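Down below is the structure, laid out as structure tokens.
The values are calculated or read from the model by the stated rules, or taken from the named source; none is laboratory data. What you are looking at is a predicted structure, and each value in this text was computed from that prediction instead of being measured. For neighbour counting, all protein chains shown are included, and Cβ atoms are generated from backbone atoms with ideal geometry for every residue, glycine included. We work out accessible area using only protein heavy atoms, side chains counted, and drop any ligands, DNA or RNA first. Shrake-Rupley method; radii C 1.70, N 1.55, O 1.52, S 1.80 Å.
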Amino acid sequence: MKTKTQKSALIQAFIEKRNLTAITAFKLTGSMRLSARVSEFEDMGLKFKKTPIQFKTKYGTFGRYNEYQLVNKSDAKKLLKDLQNG
């Protein structure tokens, strides 16, 4: 049996869940580098919609993070199968 990798876990999460942020990716897969993984997936041919989310901190300043949505799920399913087969 193959060990599930961080990449395959994230692709599966993108296929099953519509949008991921760094926090949801960490909670679902333990990945702390979602933007780096998304960049790698884009190099592999996947496409993502990136939505910047702005928030106000408890100190009154503003911060921003990205929410990612997988656009081409059929390509992701093929990539997931390739990753799982080694």
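Please count how many residues of the stretch 33-67 are part of a loop (DSSP other than H, G, I, E, B), touching a residue at least 12 places away in the same chain (Cβ under 8 Å) and within 19 Å of residue 18 (Cα to Cα).
3
Do the conditions hold for residue 67, that is, is it at pLDDT 90 or above and farther than 18 Å from residue 4 by Cα?
yes
Here are 5, 29, 21, 61: which of them is in contact with a strand residue (DSSP E or B) (Cβ under 6 Å, 6 or more places away or on another chain) and either surrounded by fewer than 16 Cβ atoms within 10 Å (Cβ to Cβ) or not aliphatic (A, V, I, L, M) (or both)?
Among 5, 29, 21, 61, only 21 is in contact with a strand residue (DSSP E or B) (Cβ under 6 Å, 6 or more places away or on another chain) and either surrounded by fewer than 16 Cβ atoms within 10 Å (Cβ to Cβ) or not aliphatic (A, V, I, L, M) (or both).
Restricting attention to the stretch 32-58, which residues are touching a helix residue (DSSP H, G or I) at 6+ places or on another chain (Cβ under 7 Å) and open to solvent by 60 Å² or more (accessible area, probe 1.4 Å)?
Across the stretch 32-58, the qualifying residues are 32, 44.
Just a yes or no: is a residue in the stretch 1-22 in a loop (DSSP other than H, G, I, E, B), aliphatic (A, V, I, L, M) and at pLDDT below 90?
yes
Quick grid of which residues meet (1) more than 14 Å from the chain's Cα centre (by Cα); (2) hydroxyl-bearing (Ser, Thr, Tyr):
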site	(1), (2)
21	no, yes
24	no, yes
61	yes, yes
72	no, no
78	yes, no
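Considering only residues that are over 18 Å from residue 43 (Cα atoms), surrounded by 13 or more Cβ atoms within 10 Å (Cβ to Cβ) and charged (D, E, K, R), which ones fall in the stretch 64-86?
67, the sole residue that qualifies.
Does residue 42 qualify as being at negative phi and touching a Ser or Thr at 6+ places or on another chain (Cβ under 6 Å)?
Spelling it out, it is not the case that residue 42 is at negative phi and touching a Ser or Thr at 6+ places or on another chain (Cβ under 6 Å).
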